[in-house]
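Accompanying notes for the structure given below.
The values are calculated or read from the model by the stated rules, or taken from the named source; none is laboratory data. Keep in mind that what you see is a predicted model, and the values were worked out from it rather than measured. Note that each Cβ is placed from the backbone with ideal geometry, even for glycine, and that neighbours are counted across all protein chains shown.
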Amino acid sequence: MNVSYNWLKDYCEFDLPVDQLVEMLTIAGSEVEGYEKIADDYCIQLEIKSNRADLLGAIGIAREVAAIVRKPLRMPSVDFQTDPRGVSQWAAVEVQASDLCPRYTARVISGVKVGPSPQWLADRLEVVGLRPINNIVDITNYVLMETGQPLHAFDYDTLAEHKIIVRRAAPGEVITTIDGEERRLTQDNLVIADARRPAAVAGVMGGADTEVGQATTNVLLESAVFDPISVRRTARALGLQTDSSYRFERGVDPVGAEWASRRAVAMIAEICGGKVAEGLIDANTISLEPKKLSLRISQLRRILGIDIPAHDAAEILRLLEFDVLSASDVLIEAAVPTFRAGDVSREIDLVEEVGRIYGFDRVPLESAMTVEVGTVSKFERCERLLRDVLAGCGFNEAISSSFMTPAMAQTVRLWPGEIVELANPLRAEESAMRPCLMASLLHVKAINRTRYVDRCEMFELGKVFLGPMLEKATVGIIEEDGFHELKGVVELMLDRFNLTERCAIEPAGLKFFKEGRGVKITSDGQTIGFYGEMAAGVEKKFDLQRPVWMAELDFDAIVELAVLERKSKDVPRYPPVDRDLAIVIDDATTWQNIVDCIESVPEPLRESVTFLNTYRGKQIEQGKKSVAFALRYRSADRTLTNEEVNESQARLMKRLEKNLGAALRA
């Protein structure tokens, strides 16, 4: 962004030499890259941050200078005489794509005389690096560099039916832009058209057929607001980077669009002559209501570490053109100007505005700033614990993309919801947002395999997307050593969150798990996770050469259910008695069914039940299986006798026989 030193003086009274001015601008947050002398002026080069589109015009920079030197901002006149014939009698505007053009204004000036610009106007443009063309075009460029609002002047008489239509381009539609190049357009491009053809590429460049030239006598002046993303994509697709697209990509002031139009019309009427049609065509869908914020004076001291008087803070905000609604020694209420709506939205932003203009260099080195230790949320505590557990088990943490192909998103579906597809994806082939982490991790494993990394044990904690407004945090795990190893990791994780006794295991029956090798984890009827061996079809889709075992758990649910305060208990004083038991049951009976049966009746002497193995073979009849498990008995006040343990075992076996049809294996 280039700005003229002398130009700034038109808007603000100051006597700072150029070197001091650029130093003060830099301290206030406007990074000055350098300056050079041009004739009797200086061109100051600034690097404008993407969130400060208000500084892409000389008035925006002058506003900063005015606040720094505590002088009022002087705005140029926008007054002009109008012709009784209204603008609606001259032209019509139809906006068919209001999502890409929320505001479009048009004015008509008749009887203008196109010619060279006055010397002062040409000199101003040359200082900031623009070549004078003719007075009409030069005025639109002048106002662009003055306000940051791009304008476009059409030769009114070349517009078919004197009509403006703001629409998406038709596929294959062609326009020759003012640089003489023929541009082929797509439906992704927004155009300003007349009744027959495109007259300009919206926000980027005008068309050669409707540009202002020496024969022009009537002008239609456009001042609009275009969608930044649409302009950026069009400019890149066409290989065009213009002063206009640069500003539209960063967002323009919806209120300033109309003011810039008046400014340009006033200059055209003064320099080029002609009559200004009365009124304004304004197709507008933007709410222009300013946002209101509060600034507590105590926050200035707490955050900046210095005392800034309330009246100084209020004056700084006024000079920056915030509407100070009320001010006291305790609180300032202010409305945010529309040209700052994009970067001022919270109280801390007002603190920054006051601090940078007051001068961060005025903060003494010995000042004390309050430091407060924030509390750690339960989610953060669970997050740390999860990473400790899984890293301790030897897993590496992965961070994968949230975007994938729609086909990949359909491969593994765990959670209820719908696939979210983006209307404007960053990459056309990755238009879906991931519905689960399993698909992301399988993709990561596939990439690692192509790089000759065959073993890839990892986990990821991240968001999955289950609808336009629905997402949840889940944790995904990919294991290389087998089902039982993965089961052990999941059980360890649940144990560390004190959830083992609250969770039940049952067959998952999901098509992307191998038959009989998928498990669902529930708690009080709520599904909180899955694990198992991926089906061969899934492995084939991701071009994997080895079996894959995976788990995914609803981390939001785990955080809600987790009990992080672990209770200690005394070391047992008396020895345990261990007994193994093998029973024959129906093949459909799960280990969880057995555990539920065992624990359905409290047994004070029984300390634990541990699964050992499952056997199916010649010694076991068809449709049955043998399940072996270990039981540990212990008393807190004495050493148990064999008779006591035998009686407990006998009671347990009767319950298994009655409830599950189990038989003691011979």
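The residues listed here are 373, 444; of these, the one that is in a helix (DSSP H, G or I) and among the hydrophobic types (A, V, I, L, M, F, W, C) is 444.
Can you confirm whether the stretch 430-440 contains a residue that is within 16 Å of residue 547 (Cα to Cα) and either assigned by TED's automatic domain parsing to the domain that holds residue 530 or aromatic (Phe, Trp, Tyr) (or both)? Checked against the condition, which is being within 16 Å of residue 547 (Cα to Cα) and either assigned by TED's automatic domain parsing to the domain that holds residue 530 or aromatic (Phe, Trp, Tyr) (or both), the stretch 430-440 yields at least one hit.
Taken over the stretch 263-308, the residue count meeting the criterion of being closer than 30 Å to residue 373 by Cβ and either in a loop (DSSP other than H, G, I, E, B) or not hydrophobic (A, V, I, L, M, F, W, C) (or both) is 10. Put simply, of 635, 626 the only residue that is among the hydroxyl-bearing types (Ser, Thr, Tyr), in a strand (DSSP E or B) and in contact (Cβ under 8 Å) with a residue 40 or more places away in the chain is 626. If you filter the stretch 172-184 down to residues that are in contact with a Lys or Arg (Cβ under 9 Å, 6 or more places away or on another chain) and closer than 27 Å to residue 425 by Cβ, you find that the one that is surrounded by the most Cβ atoms within 10 Å (Cβ to Cβ) is 175.
Taken as a whole, the stretch 582-601 holds no residue that is outside the structural domain of residue 437 (by TED's automatic domain parsing), farther than 19 Å from residue 661 by Cα, over 45 Å from the mean Cα position of the chain (by Cα) and in contact (Cβ under 8 Å) with a residue 24 or more places away in the chain. For the stretch 1-41, a residue qualifies if it is of a type in the set (Asp, Glu), over 31 Å from the mean Cα position of the chain (by Cα) and part of a strand (DSSP E or B), and the qualifying residues are 36, 41. Across the stretch 233-262, what is the total count of residues that are hydrophobic (A, V, I, L, M, F, W, C) and not in a helix (DSSP H, G or I)? The qualifying residues number 2. Taking the stated definitions as given, is residue 91 surrounded by 19 or more Cβ atoms within 10 Å (Cβ to Cβ), under 30 Å from residue 63 (Cα atoms) and in contact (Cβ under 8 Å) with a residue 40 or more places away in the chain? For residue 91, the condition - surrounded by 19 or more Cβ atoms within 10 Å (Cβ to Cβ), under 30 Å from residue 63 (Cα atoms) and in contact (Cβ under 8 Å) with a residue 40 or more places away in the chain - is not met.
Here residue 44 meets each of (1) in contact (Cβ under 8 Å) with a residue 60 or more places away in the chain; (2) in a strand (DSSP E or B) with one exception, condition (1). Taken over the stretch 426-473, the criterion of being β-branched (Val, Ile, Thr) and more than 18 Å from residue 535 (Cα to Cα) is satisfied by 447, 450, 453, 464.
Look at (1) touching a Lys or Arg at 6+ places or on another chain (Cβ under 9 Å); (2) polar (S, T, N, Q); (3) surrounded by fewer than 23 Cβ atoms within 10 Å (Cβ to Cβ) and you find that residue 214 fails only one, number (1). Cβ-Cβ contacts under 7 Å between residues 6 or more apart (or on different chains), taken from a first residue in the stretch 292-321 that is closer than 21 Å to residue 70 by Cα to a second residue that is hydroxyl-bearing (Ser, Thr, Tyr) and part of a helix (DSSP H, G or I), are listed as 308/358; 312/358; 316/358.
Restricting 303, 308, 332, 297 to residues that are over 32 Å from the mean Cα position of the chain (by Cα), of a type in the set (A, V, I, L, M, F, W, C) and over 22 Å from residue 253 (Cβ atoms) narrows the list to 308. Every residue in the stretch 476-506 that is in a strand (DSSP E or B), surrounded by 22 or more Cβ atoms within 10 Å (Cβ to Cβ) and of a type in the set (A, V, I, L, M), please. Listed by number, the residues that qualify are 477, 478.
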